[in-house]
Amino acid sequence: MPSALPIGDPAPEDGSLPPSVRDGALERRFGVYLHVPFCRVRCGYCDFNTYTAEELRGTRREDFAGHAIAETRFACGVLERAGLPARPASTVFFGGGTPTLLPVDDLARMLAAVRDAFGLAADAEVTTEANPDSIDLAGLERLREAGFTRVSFGMQSAVPHVLSVLERTHDPGRVPLVVEWARRAGLAVSVDLIYGAPGESLGDWRASLEQAIALEPDHVSAYALIVEEGTRLAARIRRGELAAPDDDLQADMYELADERLGAAGYEWYEVSNWSRGPAHRARHNLAYWTGEDWWGVGPGAHSHVGGVRWWNVKHPAAYAQRVAAGVSPAAAREALDTETRRREHVLLRSRIAEGVPVGLLDEDRRTAVAGLIADGLVDGPAAIAGSVVLTRRGRLLADAVVRALIA
Ligand SMILES: C[S@@+](CC[C@H](N)C(=O)[O-])C[C@H]1O[C@@H](n2cnc3c(N)ncnc32)[C@H](O)[C@@H]1O
Ligand code: SF4
C-alpha cells in the first residue's frame, strides 16, 4: 500500500509560481524526475507509489507516456510564465515503480519530450531504474540510442532466502547478465542493495556485497531495510512470523559495506551511496541533497523550484484526469521561508561527503560541533577547514547527529 502524501497549502490549477523562484535561479541546476508507477508484483517491504495491473483502476499503462508528456509540456509553460531563465536539464531520472515495465519506445518518447521542452545539457546524466527481470540486451541498447546514459538495477541481495523474505521475484543469476548487457550497450551501471532483512546474517550480507563488487558496477546504493507501515512485511513482523530488523546487526552491516566497498575502490559520497570516484556519483540524487531545482513528473512525484515544493496526486487515474484536462496535477504545495530552507540545507547536506558549510549553522549549533567531534561523529580536520562532515560512526547515527545540528 503506498504511503500518504504530506499536507500542504492549496496548489493553483495553472501551476503558477511566485516571482521569488527567479532569485538565484541561474546558480541552480535543473533536473527532471519521471515517476513510472507500475510494478509486475509488489515486493512485501515496499510502500512506493506503485500499482500492479490488478490494482490499477480508471487508467491504462498504455496511456501513461502520453500523460507524462503532457505534464512535461505543462511544466515548460509554467517555468516560462514564472520568468525563469531557460535551463537545459542537467539530469533526468526515470524512477518508480518499474520504468522498464513500459515499452522502451514509451521511455524514449518521454525523454524526447523532456529534450523538446527544456533541452538536455551536453553532459546530461539520464538514468532509468530497472528490475533485473524487466529488461534485455536489445532493450538496453535501445535505451542508449534514445539518450539514456545510466541504468540502476534493483539487485537487493544475492542470497535466495533473503530475496525470498523480501518477496523479490527475480532470479539472482540474471543480475550479472543484465549488468554485462548494460555495459555492452554503453550505459553506466548502478546496483541497489538492501541489508537487514529478517533472517539475513552478516555472512549473507558479506556474500551479497562480494557479488555486487564482483560485477564492477560504477555505483552502489546500500539501504538499511525500513519496515514501512501498511506493508505485508510490517504485517508479518507484527504477527510474529518474521523477526524485526536488529539495529545493532544493521549497524555492523553498514560498517561492513563501507569497509568492503572502500577496499574495492568505491568512495562514499552520501550515507547510502558509494561510487568509483566523483565522476560516477549519481548527479540527479546529489541535486536533491544540495537544493537544486527539479520538476517531478508523474503520480505522487515531488518537485522543488526556488524554495517552492509541491507533490502530485498519487493515484494514476486522478493524475491522468488532471493532466488530460490541462490543469496542474499538484495535490498541494508549500513555500519554504528562509529559516526552513536553511534547516533543510543542513539536514540534506549533512548526508553528503562535502558536508555542511559551517556558515549554515546558527551560533549555538557551531558550538555543538565541538561535542560531536569529541564523540567521534564529525570529522575534526574537515570542521576546522569549514565543513561538518560525518565520520563512519556519525553516518551510522546520522539522524541523531542531524537533530543536534538543527535543534
Ligand atoms: C523504486 S525502487 C528501484 C527500482 C525497482 N523497482 C526495483 O525495486 O528494483 C528503489 C529502491 O528503493 C529501495 N527500497 C524500497 N523500499 C525500501 C525499504 N522499505 N527499505 C529500504 N530500501 C527500500 C530498494 O533498494 C529499491 O531498489
Ligand atoms: S519492484 Fe521496486 S518499486 Fe516495485 S514493489 Fe518492488 S521495490 Fe517497490
Response to the item:
Asserting the computed 222 nm helical MRE of the chain (DSSP H runs at least 4 long, -39500 (n - 2.57) per run, divided by residue count, to nearest 500) equals -11500 deg cm²/dmol
Worksheet entry | Label-point separation in nm, Leu336 to Arg22, each point 7 Å along Cα→Cβ | 2.2 nm
Discussion item. Neighbour counts of other C-beta atoms within 10 Å: give me Ile406, Ile226, Ile7 arranged from fewest to most.
Written reply: Ile7, Ile226, Ile406
Discussion item. Give the separation of the Cα centroids, region 98-117 to region 285-319, in Å.
Written reply: 18 Å
Fill in: Label point distance in nm, Arg393-Val358, each placed 7 Å from Cα along Cα→Cβ
2.1 nm
Discussion item. Please rank Glu210, Glu339, fewest neighbouring Cβ atoms within 10 Å first, as an exposure proxy.
Written reply: Glu339, Glu210
Worksheet entry | Relative contact order of region 1-152, pairs being alpha-carbon contacts under 8 Å that are 6 or more residues apart, as % | 27 percent
Discussion item. Let me make sure I get this right: for region 267-407, a, b and c are the square roots of the gyration tensor eigenvalues over alpha carbons, sorted descending. Under 1.5 in a/c it's rounded, otherwise prolate if a/b > b/c, else oblate. Which is it?
Written reply: prolate
Practice prompt. Find how much the distance from Ala317 to Val41 grows on full extension, using 0.36 nm per residue of separation minus their present alpha carbon separation; answer in nm with one decimal.
Written response: 97.5 nm
Worksheet item: Using alpha-carbon positions, what is the distance between the centroids of region 3-79 and region 331-385, in Å?
Response: 29 Å
Discussion item. At 7 Å along Cα-to-Cβ for each site, give me the label-to-label distance between Arg232 and Asp123 in nm.
Written reply: 4.4 nm
Worksheet item: What number, in percent, do you get for the relative contact order of region 1-75 if the mean sequence gap of Cα pairs under 8 Å and at least 6 apart is divided by its residue count?
Response: 34 percent
Discussion item. Compute a Gaussian network model of the chain, connecting alpha carbons closer than 10 Å, and tell me which residue from Pro99, Pro85, Pro299 fluctuates the most.
Written reply: Pro85
Fill in: Calculated FRET efficiency for the pair Arg403/Arg174, C-beta based, R₀ 35 Å, to 0.05
0.25
Discussion item. If I take R0 = 45 Å and measure r between the Cβ atoms of Arg57 and Ile384 in this structure, what FRET efficiency does the formula 1/(1 + (r/R0)^6) give, to the nearest 0.05?
Written reply: 0.20
Worksheet, complete the sentence: Site Glu167, offset 7 angstrom along Cα→Cβ, radius 11 Å on amide nitrogen, limited to region 40-54, gives 41-47
Fill in: Ranked list, fewest to most other Cβ atoms within 10 Å of each Cβ, for Tyr319, Tyr45, Tyr223
Tyr223, Tyr45, Tyr319
Worksheet entry | Whole-number percent relative contact order across the chain, with pairs defined as alpha carbons under 8 Å at least 6 apart | 18 percent
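Quick note: the coordinates plus some simple rules give every number you see, no bench work behind them. Quantities reported herein were computed from a predicted structural model and do not represent experimental measurements. No Cβ is skipped: glycine too gets one built from the backbone with ideal geometry, and neighbour counts run over all protein chains shown.
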